[in-house]
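Below is one structure; the comments refer to it alone.
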Amino acid sequence: MRQAGRFLPEYRKIRSKYSLIDICKDPELAAGVSRLPVDILGVDAAILFADIMLPLEGMGVKFDIADGVGPVISTPLNSQIVDSLIPLDHSGVPYVMEAISATKKSLESRVPLIGFCGAPFTLASYLIEGHATRDFIKTKKLMYKNPKTWHLLMDKLSISMGSYLSAQVNAGVDAVQIFDSWVGCLSPADYHTYVLPYSQQVFSYLEDREVPRIHFSTGTAALLEEIRQVGGDVFSVDWRIPIDVAWQKLGYDVAIQGNLDPVVLLAEKDLIRTKTADILTRVGNRPGYIFNLGHGVLPETPPENIRQLVEFVHEHTKSTTH
Ligand code: CP3
């Protein structure tokens, strides 16, 4: 994630002319940006150029994506607003579907295209807090004090995201990823009660589809057993747990993704190689590992460091598989 983002001068050039949302709404521009990391860095998959907030517009939510801040919602959520939210139907968000067709065409089957959506908890947290937060107090307060509103909100979000991902599959994505970036703030018991059934509901829309389902989260080393119950095919872990320990907890019948700390990419080449080699050694030759960062690429990352990282991982994979 954020592999097409601000660390690339080629992206910044486009962004100097268009807002993030303008790019998302123009299928040709979105396709071009999505392809940048494939052409420049040599990564093995492209990710759809969109944002987790976009489908909320179709549900009746007004938001902005502020530079350096992220999503901002000016009207704080209350139970009346939750009542008025309109669940998305399978037609999804038309311009995103057009961006998928344009991106698939532009990639010419060189690499797969990953579609995505925000997971219900992470979307709910933006709706309730109004912006990024450290402590998620408003979100948890609503969960504890007004469980009826919480469950209605999560139900509407999960129905909508299930339909949205399903529409993305119809439009041609090769895999889907749900981003529960902020769910690591919850205890395992609260995850079980307030989140698990809804993330499960999102994936239930894709059960009979032939696409791998990736579950992304951060700060969730203590929640892995719960998260495993969501279902899906691949689980993404951050750097707060050694990858071999995480895989053992998840079980070897699922695939795993991660777990390099994005800050490592700001260090010297030798340290990047040592940390990467450690991850690759820990996963060994077991099939079902996708090399990735534990979270998004930081804006100050030198693109050359990522290019070298991609090369290093490819070399290692060649020398250990046959
Ligand atoms: O390469 C890609 O990953 C592009 C597609 C993409 C974007 N957002 C575009 C974007 C994806 C997969 C996302 C997911 C997303 N958006 C998540 C989940 C993944 C994660 O990083 O945890 C979340 C939580 C958001 C909400 C959001 N939008 C945040 C936190 C930010 C960053 C704020 C900042 O500027 O630091 C955004 C803005 C955003 N969305 C950018 C991009 C490329 C930043 C660059 C820009 O403003 O042009």
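The values are calculated or read from the model by the stated rules, or taken from the named source; none is laboratory data. Here the structure is a predicted model, which is why all the values come from computation and not from measurement. As a convention, Cβ positions derive from the backbone with ideal geometry for all residues, glycine included, and neighbour counts pool all protein chains shown. Quick note on the areas: whole protein, heavy atoms, side chains included, nothing else; ligands and nucleic acids left out. Shrake-Rupley method; radii C 1.70, N 1.55, O 1.52, S 1.80 Å.
Data table
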| item | result |
| --- | --- |
| Selection status of Ala132, within 16 Å of the ligand (Cβ to nearest atom), in contact with an Asp or Glu (Cβ under 8 Å, 6 or more places away or on another chain) and of a type in the set (Gly, Ala, Ser) | no |
| Checklist (1) under 20 Å from the mean Cα position of the chain (by Cα); (2) crowded, with 18+ Cβ neighbours inside 10 Å; (3) among the aliphatic types (A, V, I, L, M) applied to Leu85, failing item | (1) |
| Hits in segment 134-164 (condition: open to solvent by 40 Å² or more (accessible area, probe 1.4 Å) and in a loop (DSSP other than H, G, I, E, B)) | Arg134, Asp135, Asn146 |
| Cross-chain or 6+ apart pairs with Cβ under 9 Å, segment 4-22 first and at positive phi, then surrounded by fewer than 16 Cβ atoms within 10 Å (Cβ to Cβ) and of a type in the set (Lys, Arg) | none |
| Single condition Val111 does not satisfy, out of (1) under 28 Å from Ser236 (Cα atoms); (2) loosely packed, with under 15 Cβ neighbours inside 10 Å; (3) touching a helix residue (DSSP H, G or I) at 6+ places or on another chain (Cβ under 8 Å) | (2) |
| Residue ranges of helices (runs of 4 or more DSSP H) in segment 1-104 with at least 3 members among the aliphatic types (A, V, I, L, M) and within 13 Å of the ligand (Cβ to nearest atom) | 20-25, 27-41 |
| Close pairs from segment 241-262: first on the phi > 0 side of the Ramachandran plot, partner open to solvent by less than 10 Å² (accessible area, probe 1.4 Å), Cβ under 7 Å, at least 6 apart | Gly258/Ser236; Gly258/Val237; Gly258/Asp238; Gly258/Ile243; Gly258/Gly294 |
| Single residue of segment 209-228 satisfying the filter (closer than 18 Å to Asp244 by Cβ and out of contact with any strand residue (DSSP E or B) (no Cβ under 9 Å at 6 or more places or on another chain)) that is farthest from the ligand (Cβ to nearest atom) | Glu225 |
| Near pairs, Cβ below 9 angstrom, 6+ apart or cross-chain, from segment 270-291 (charged (D, E, K, R)) to any residue that is open to solvent by 90 Å² or more (accessible area, probe 1.4 Å) | Arg286/Tyr252 |
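A quick yes/no check of all residues on (1) touching a strand residue (DSSP E or B) at 6+ places or on another chain (Cβ under 6 Å); (2) small (Gly, Ala, Ser):
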position	(1), (2)
Val33	no, no
Ala46	yes, yes
Val72	yes, no
Ala102	no, yes
